[in-house]
Amino acid sequence: MGDKQKIEGQCLCGAVKIAAVVDAPTLVACHCGMCQRQNAGPYISIMTEQAGTEASGPIKVFKSSDWAERAFCGTCGSTLWYGTVHDGARYLSSGLFPDAAGAPLTLEYFSDNCPQGYAFTGDHRRMTEAETIAAFTEGGEPGA
């Protein structure tokens, strides 16, 4: 394991500030329909430790399904996080942090729903819609 480090970021207008703790940070991309609709493409989150995440500013939260919420800046609309309601986990937008904290892409959810106009290269895990839904509904750690 690497050394824990604190990363700091902000939304586009700077009104929302985010700080989180990471240990060997990684990126996860999601190609589900809701992420594509919200972000005009995939949602890319950075895996951080849930404890120690701090957020301040005009944060707005939208409950997008029975199991999830999405947060955004109330001033500029920047995506802040995707959160799971059952455990309060927040998956922070990688774009909030300079150079996405230097983290590599390690996983894609709903990879079979990725539009034909783009694709991520590299050797990382790609989970189909069926695999992603099974991982989330079986109560396990998705992508583990």
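The values are calculated or read from the model by the stated rules, or taken from the named source; none is laboratory data. All values reported here derive from a predicted model rather than from experimental measurement. Note: ideal-geometry Cβ built from the backbone for every residue, glycine included; neighbour counts use all protein chains shown. Please note that ligands, DNA and RNA were not included when accessible areas were found on the heavy atoms of the full protein model with its side chains. Shrake-Rupley method; radii C 1.70, N 1.55, O 1.52, S 1.80 Å.
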**Q.** Members of the stretch 78-94 found to be without any contact (Cβ under 8 Å) to a residue 60 or more places away in the chain and not polar (S, T, N, Q), listed by number
**A.** Trp81, Tyr82, Gly83, Val85, His86, Asp87, Gly88, Ala89, Arg90
Q: For Phe136, state whether it is among the aromatic types (Phe, Trp, Tyr), part of a helix (DSSP H, G or I) and open to solvent by 50 Å² or more (accessible area, probe 1.4 Å).
A: yes
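Rundown of residues vs (1) surrounded by fewer than 18 Cβ atoms within 10 Å (Cβ to Cβ); (2) hydroxyl-bearing (Ser, Thr, Tyr); (3) closer than 19 Å to Leu105 by Cβ; (4) in contact with a Ser or Thr (Cβ under 6 Å, 6 or more places away or on another chain), yes/no style:
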| residue | (1), (2), (3), (4) |
| --- | --- |
| Ala24 | yes, no, yes, no |
| Leu27 | no, no, yes, yes |
| Arg37 | yes, no, no, no |
| Pro42 | no, no, yes, no |
**Q.** Residue count for the stretch 57-102, restricted to those that are surrounded by 20 or more Cβ atoms within 10 Å (Cβ to Cβ), more than 15 Å from Tyr43 (Cα to Cα) and among the small types (Gly, Ala, Ser)
**A.** 1
Q. Which residues, taken from the stretch 1-38, are free of Cβ contacts under 8 Å to residues at least 24 places away in the same chain and under 18 Å from Tyr82 (Cα atoms)?
A. Arg37
Q) Does Glu49 fit the bill of being open to solvent by 70 Å² or more (accessible area, probe 1.4 Å) and without any contact (Cβ under 8 Å) to a residue 60 or more places away in the chain? A) no
Q.
With the condition being in contact with a helix residue (DSSP H, G or I) (Cβ under 9 Å, 6 or more places away or on another chain) and under 26 Å from Phe62 (Cα atoms), I'd like the strands (runs of 3 or more DSSP E) fully within the stretch 79-130 carrying at least 3 qualifying residues.
A. 79-84
Q) Are any residues in the stretch 118-133 under 18 Å from Gly83 (Cα atoms) and either at pLDDT 95 or above or open to solvent by less than 70 Å² (accessible area, probe 1.4 Å) (or both), and if so, which ones? A) Thr132
